[in-house]
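Everything on this sheet refers to the single structure shown next.
The values are calculated or read from the model by the stated rules, or taken from the named source; none is laboratory data. Since this is a predicted model, take the numbers as computed values, not measurements. Backbone-built Cβ (ideal geometry, glycine too); neighbour counts: all protein chains shown. For the accessible areas, the whole protein counts, side chains as well, though only heavy atoms, and no ligand, DNA or RNA atoms are used. Shrake-Rupley method; radii C 1.70, N 1.55, O 1.52, S 1.80 Å.
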Amino acid sequence: MIKAGIIGGAGYTAGELIRLLLNHPETEIVFINSSSNAGNRITDVHEGLYGETDLRFTDQLPLDEIDVLFFCTAHGDTKKFMESHNIPEDLKIIDLSMDYRIMSDDHDFIYGLPELNRRATCTAKHVANPGCFATCIQLGLLPLAKNLMLTDDVMVNAITGSTGAGVKPGATSHFSWRNNNMSVYKAFEHQHVPEIKQSLKQLQNSFDAEIDFIPYRGDFARGIFATMVVKTKVALEEIVRMYEEYYAKDSFVHIVDKNIDLKQVVNTNKCLIHLEKHGDKLLIISCIDNLLKGASGQAVHNMNLMFNLEETVGLRLKPSAF
């Protein structure tokens, strides 16, 4: 059994990660660290887990008792922890924050998008889990980069559910504001753009265009629905072939010939992609669950790869659908 520890156990992504690991046939949760909730039952915070666990939060860190450590911490906290604690040499780490997503000589974290860095992830000791928007958008664009087709700016519009803002209440996640409402935020300046560019340039070294990304807040709880527009004269049939070929060995990305919708992916680790050609414009539609494929499901996927397990173990999940 893979013995797992979690730091930062009270948020939405932690709740989903706990749920997945509790039901994972090869994993045992040793501790869930949360100093503000130490001593409280997990179900006092994650009420959807009633009947599934008697675990309690702890302020202890028995790092020598685990094989893998997940960070579900605020951005900046993982780096602080790594710099202030003695980490066992053989302990595998999966960080769900953005602290180590950009490659640097200052760290050895692998960017953990399996559909891009599967081989490196399988042998990695430290993995940086991608951002949720970044995952959805990259999966829509990677096959084009692989075929050196991103030669102009890419227009991206994507809408996310309220869970993307985290568990702490705020003005723009308040139900009376969010319900029946919609708004733009961080236009052209979202923090996930650098990691998207990094991945595209990894496949297409000549890529130096802009990702013109407009994020939206949606009036639903979970999911990301993204549309991308790229100019190309290549026929749709050939583009579909490129996408199917690129994702042929990936279990969670599916190219769908019909239009897609968010409910087909919510509560799963899937990404669905639909392609349309309108004149010389290629429309790419991509959707994921921001808490699963965009966070905790992808973290478990990475864990499976790091421990040489079949990648879908513990992740065969049914979409909410209706």
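Details
- Normalised contact order of the chain, rounded percent, pairs of Cα under 8 Å and 6 or more residues apart: 18
- Think of each Lys and Arg Cβ as +1 and each Asp and Glu Cβ as -1; about the Cα centre, that makes the dipole of region 130-286 roughly 480 debye.
- Candidates His24, His301, His126, ranked by Gaussian network fluctuation over the chain, Cα under 10 Å, top entry: His24
- Here the accessible area is traced with a 1.4 Å probe on the protein chains. For the chain, carbon and sulfur cover 50 percent of it.
- When each of the peptides 173-181, 134-142 is scored by the mean number of other C-beta atoms lying within 10 Å of its residues, the order from highest to lowest reads 134-142, 173-181.
- When peptides 284-291, 160-167, 148-155, 13-20 are sorted by average Cβ neighbour count within 10 Å, with the highest value leading, the order is 284-291, 13-20, 160-167, 148-155.
- Whole-number percent relative contact order across region 130-286, with pairs defined as alpha carbons under 8 Å at least 6 apart: 31
- Environment charge at Arg101 (Cβ cut-off 9 Å; Lys +1, Arg +1, Asp -1, Glu -1): -3
- Accessible area per residue in Å² at 1.4 Å probe, computed on the chain: 46
- Gap separating the Cα centres of region 247-266 and region 146-222, nearest whole Å: 19
- Cubic angstrom per residue, convex hull over Cα atoms of region 1-106: 108
- Compared with the rule-of-thumb size 2.2 N^0.38 Å for a compact globular protein, region 130-286 has a Cα radius of gyration ratio of 1.05.
- Loop sites in region 223-290: trypsin sites (Lys or Arg not before Pro), DSSP, at most 11 other Cβ within 10 Å: Lys233, Lys249, Lys258
- (i) 14; (ii) 21; (iii) 39, with the label sought being that of the calculated percent of Cα pairs over 34 Å apart: (ii)
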